[in-house]
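Asks: My structure is below; once you've seen it, I'll send some questions.
The values are calculated or read from the model by the stated rules, or taken from the named source; none is laboratory data. Here the structure is a predicted model, which is why all the values come from computation and not from measurement. Every residue, glycine as well, gets a Cβ built from its backbone with ideal geometry; the counts of neighbours run over all protein chains shown. All accessible areas refer to the heavy atoms of the entire protein, side chains included, with ligands and DNA or RNA removed. Shrake-Rupley method; radii C 1.70, N 1.55, O 1.52, S 1.80 Å.
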Amino acid sequence: MTSSRRLVWLIPLILFLTFPLWRFPVAGFLSPRGGYDPSLAERPLDEHNFNMGTVHITQSEEGKTTLEIVADKAFTGASVNEVRMDNVDAVITGKDNEQTFITARRGILDKQAAVLTMIDEVVVIKPKDKLELYSDLLIYNDNTKMVHSPGKTRLVGNQIKIRGINLLVNTQTQAYDLGGRVHCRLTGFANP
């Protein structure tokens, strides 16, 4: 037993003492083959490109969630700050915890400008006001809290139906401005 213990210590000691003899042949054997091209280290790197499925984006201000986006697919946009999405569901929460639900086929989120653009079959539902808005393009600016729909827009609510072009909504003051040829149908109101 004593000789086996000495042998265990003897092997590392022999390797350490003979290191200068076997270092160069082993290092040559283990070195990678081929040359090194320094120009490869200087090549420009790709910008971030991504393609993700089932994405959940949350934006918060002062500890409260103001914008929640769920999309089936998200990928790189035209710039670094742009995220493009497919089959988008968004929830915008106001200062009184009033929620507005938005769905669309496609969406673009510009993180730097804080602009959410919804495209194709846009539906906006405001449960508190019992209003529904239908459009093909809707732009929400989170900095100004303004909603802009530059195309044909249809607004449906309790006893009210409005069609027009170029809708502008201030979400803080709840002011609606509808331009173009406006068609309005009101029911349940008394004649003046």
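Asks: Would you please list the contacts, defined by Cβ atoms under 6 Å and residues six or more apart or on different chains, that run from a residue in segment 1-26 that is at pLDDT below 90 to a residue that is in a helix (DSSP H, G or I)?
Replies: none
Asks: Is it the case that segment 66-75 has a residue that's open to solvent by less than 100 Å² (accessible area, probe 1.4 Å), in a helix (DSSP H, G or I) and not hydroxyl-bearing (Ser, Thr, Tyr)?
Replies: Within segment 66-75, not a single residue is open to solvent by less than 100 Å² (accessible area, probe 1.4 Å), in a helix (DSSP H, G or I) and not hydroxyl-bearing (Ser, Thr, Tyr).
Asks: Is at least one residue of segment 29-47 modelled with pLDDT of 85 or more, assigned to a helix (DSSP H, G or I) and farther than 30 Å from LEU116 by Cα?
Replies: The answer is yes; a qualifying residue exists.
Asks: Take the residues in segment 123-176 that are part of a strand (DSSP E or B) and among the hydroxyl-bearing types (Ser, Thr, Tyr), then tell me which one is most open to solvent (accessible area, probe 1.4 Å).
Replies: Here is the first cut: in segment 123-176, the ones part of a strand (DSSP E or B) are 123-126, 131-141, 146-157, 160-170, 175-176.
Then drop every residue that is not among the hydroxyl-bearing types (Ser, Thr, Tyr), which leaves 134-135, 140, 149, 153, 176.
Numbers: TYR134: 66, SER135: 9, TYR140: 11, SER149: 0, THR153: 10, TYR176: 92 Å².
Ranking the qualifying residues of segment 123-176, first place goes to TYR176.
Asks: Which residues, taken from segment 77-122, are charged (D, E, K, R) and either in a strand (DSSP E or B) or over 13 Å from the mean Cα position of the chain (by Cα) (or both)?
Replies: The answer is GLU82, ARG84, ASP86, ASP89, LYS95, ASP96, GLU98, ARG105, ARG106, ASP110, ASP120, GLU121.
Asks: Can I ask one more? Please find, within segment 90-104, the residue that is modelled with the highest pLDDT out of those that are open to solvent by 30 Å² or more (accessible area, probe 1.4 Å) and more than 16 Å from HIS56 (Cα to Cα).
Replies: Looking at the filtered set, the residue picked out is GLN99.
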